[in-house]
1. Would you check which residues across region 131-178 are modelled with pLDDT of 70 or more, assigned to a loop (DSSP other than H, G, I, E, B) and of a type in the set (A, V, I, L, M, F, W, C) and list them?
Amino acid sequence: MVENDTQLIDGVGRWGGGFTGGLAGGIAMGVLLHLGGNQIELLGGLAPIPAADVGAGWTIHLILSVLFGLTFAAIVTRPSIQDVVGSFREYLIAGIVFGTVLGIVAGGLIFPAAMARAGIGAFPLPFLPVPGMAAELFAALLFAVGHLVYGLVLGAVFAAVNGIAPEAIRGRVPVSDR
């Protein structure tokens, strides 16, 4: 437990950190999904006019990433959470936990809905680099790692935007008085 008496996260830090962290995390995760198996295309199925294409997938993915980043900001800046989360490492852990929960919800609800709307009934997906059961395992692993990367980047960027640096850096850089 950490008492966060050194950081005051204001509205700009809260929402700016959530927006920026969500966008940066979304880009990192999106690159992983895009290069790892073209899974980013499936998110185009969530568009008002469903389409399994890369442009729609990236657009939907980044919009959701920012919205989830803002949700993360609203959660971690609650006074009860701030009593526990205050250091850079703790924001990383909070981001990883958030990414894990998000992956479970997305994998169980959002991703299957996107697949159905895009007209893809089941795995194996036609554009994955491996066939059959291996494709299902590959897709699930990539999806899980993607959400962990999202949470890690989200937590790190949120902390950085709010002036919370890792201990190793904080010891070397003088902190200015506010």
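1. Selection gives 164, 165.
Residue-wise test of (1) over 21 Å from residue 144 (Cβ atoms); (2) within 16 Å of the chain's Cα centre (by Cα).
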position	(1), (2)
61	no, yes
66	yes, yes
70	yes, yes
73	yes, yes
76	yes, yes
79	yes, no
94	no, yes
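The values are calculated or read from the model by the stated rules, or taken from the named source; none is laboratory data. The shown structure was predicted, so the numbers you read here are calculated from the model rather than taken from an experiment. Note that each Cβ is placed from the backbone with ideal geometry, even for glycine, and that neighbours are counted across all protein chains shown.
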